[in-house]
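The values are calculated or read from the model by the stated rules, or taken from the named source; none is laboratory data. Bear in mind the structure is a predicted one, so any value in this text is a computation, not a measurement. Here Cβ is always computed from backbone atoms with ideal geometry, including for glycine, and neighbour counts include all displayed protein chains. Accessible surface is based on the protein model in full, side chains and every heavy atom, while ligands, DNA and RNA are left aside. Shrake-Rupley method; radii C 1.70, N 1.55, O 1.52, S 1.80 Å.
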Amino acid sequence: MTEQTTLLDQERWEGIYKLMEHPSMLTPDCTEEPEKLKTFLHSMKILVIGAGGLGCEVLKDLALSGFTDIHVIDLDTIDISNLNRQFLFTEKDTGRPKAEVAAEFVNKRVEGCHVTPYVGNIKDKPITFYHQFDMVISGLDSVDARRWMNATLVDIARDGQIIPFIDGGSEGFSGQVRVILPTVNACYECGMILIPPPVTFPMCTIASNPRVPEHCVEWSLLEFPKAHDGRKPDGDKEEDVLWCLKCASERAEKYKIEGVDFKLTLGVIKHVIPAIASTNSIIAAMCVNEAMKIAMNALSLDNYCQYSGAEQPYTNTFEFSKNETCLVCADISSEIEVRKDAQFDEIMTKLKENPEYQMKNPSIQLPGGIPLYMRALAQTHDNLQKPVGDLFESGTELAVTDPVFPQGMFLRLKVKFSNDE
Ligand SMILES: [Zn+2]
């Protein structure tokens, strides 16, 4: 390193270095060795998941806070509609991968900082990929991706490496930040029961008994492919939205339902969660503040902070308790109760529909790896209609896998029979 670049670095991070040199809550016992702390901060390897509204802000904040070894993964490409809040992108970047453009921008703008991009799905990376990081920050809008990442980090923690997981989320004027120390405090899955399953309308209601304007728009979504060679409507194409609006309006008129308009139609097509730039920047700043605390070995958030800016800025911090029977991080197996004569299918339904499970397509094995139900194994499908009492004893611990969780991750589910006293 030349003298000139050293000087540049010194200037670049001057504000951060000042923070480190003065005793504060952020620098618990390291003030006598600020040099060591500087090296430590610069060498921390951080993975940012998502380079969207939150991700862009997180990347910018990390880079300006002295983190210099940053990695970012995102599978998405830039759309023109992102530009109102994803400030690392400009119009000429549309169509290019978000991770790549975000990394280029930060690398060019913040000298001494290096962002490494990965274009792709987090689920396609081997678990060894995640071992290399000191911290993971997620700015995702997908519950599924968070569950997968959380389960992966819990798995790594079980092998002795605890990688702090800072999870930021924003929705309209509200948001939250969680600091998850896998296996140590509450994990993402511990709070699944608080996350409402996605709203879906029964097909029969949409087809024959629409009552609210959303039902009419859902109807138009079903009609759209029939008129467009099987293609689904694209919420970013105005002509698609207008087609659906027209179709939904006709339906609404027929059933005398009011309230179908462009905004509602667009919302239903895109399942839009309104994104507000200021909420994103507040949540991202809170995430990076936590990253700083972890990097400096200071006391970090314990462990959940809610933010709301709808009426006035408001935050509430509380300790979210570990769920002792959490499917992912608990030491004991999760328990489920069914009647002895209930069909096995009832367990499958509970796993898919109960808020604490919300699985997609579980496969289930008996102890010893005997398949009880596997989608790919047709001979196991008959089991769905059999009474559970014919398949196993009360108290049996089943091994469950699901696409929501990393491949090969078995969750333990103890089944008790309720009428078997
Ligand atoms: Zn948990």
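Here Q161 does not fit the description of being in contact with a strand residue (DSSP E or B) (Cβ under 6 Å, 6 or more places away or on another chain) and away from the ligand (no atom under 14 Å from the Cβ). The single residue among D79, D93, D74, D155 that is within 16 Å of the ligand (Cβ to nearest atom) and either farther than 27 Å from P34 by Cβ or of a type in the set (K, R) (or both) turns out to be D155. Y304 satisfies every condition listed in (1) aromatic (F, W, Y); (2) surrounded by 17 or more Cβ atoms within 10 Å (Cβ to Cβ); (3) outside the structural domain of V48 (by TED's automatic domain parsing) except (3). Listed by first and then second residue, the pairs with beta-carbon distance under 7 Å, at least 6 apart or on different chains, first residue in the stretch 139-152 and closer than 13 Å to G168 by Cα, second surrounded by fewer than 17 Cβ atoms within 10 Å (Cβ to Cβ), are D141/I273; V143/I195.
Of all residues being under 16 Å from N354 (Cα atoms) and among the acidic types (D, E) in the stretch 315-337, which is least open to solvent (accessible area, probe 1.4 Å)? Just the residue, please. Result: E335.
Output the number of residues of the stretch 367-395 satisfying the condition of being part of a strand (DSSP E or B) and open to solvent by 20 Å² or more (accessible area, probe 1.4 Å).
Residues that pass the stated criteria total 4.
When G169 is tested against (1) outside the structural domain of G235 (by TED's automatic domain parsing); (2) more than 12 Å from the ligand (Cβ to nearest atom); (3) part of a loop (DSSP other than H, G, I, E, B), only condition (3) is not met. Note on the stretch 338-366: residues that are open to solvent by 80 Å² or more (accessible area, probe 1.4 Å), under 22 Å from P406 (Cβ atoms) and touching a residue at least 24 places away in the same chain (Cβ under 8 Å) total 1.
Here the stretch 174-192 is the region considered, the condition is being open to solvent by 10 Å² or more (accessible area, probe 1.4 Å) and part of a strand (DSSP E or B), and the residue that is farthest from the ligand (Cβ to nearest atom) is S174.
Yes/no per residue for (1) within 13 Å of the ligand (Cβ to nearest atom); (2) under 16 Å from P182 (Cβ atoms); (3) more than 20 Å from the chain's Cα centre (by Cα):
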residue: K293; (1), (2), (3): no, no, yes
residue: D302; (1), (2), (3): no, yes, no
residue: Q306; (1), (2), (3): no, no, no
residue: N316; (1), (2), (3): no, no, yes
residue: C329; (1), (2), (3): yes, yes, no
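Scoring C287 on the criteria (1) open to solvent by 60 Å² or more (accessible area, probe 1.4 Å); (2) in a helix (DSSP H, G or I); (3) not small (G, A, S) leaves a single failure, condition (1). Could you list, in sequence order, all residues of the stretch 163-173 that are open to solvent by 10 Å² or more (accessible area, probe 1.4 Å) and at pLDDT 95 or above? Selection gives P164 alone. Examine the stretch 101-112 for a residue that is touching a His at 6+ places or on another chain (Cβ under 8 Å) and outside any loop (DSSP other than H, G, I, E, B), and state whether such a residue exists. Checking the stretch 101-112: at least one residue is touching a His at 6+ places or on another chain (Cβ under 8 Å) and outside any loop (DSSP other than H, G, I, E, B).
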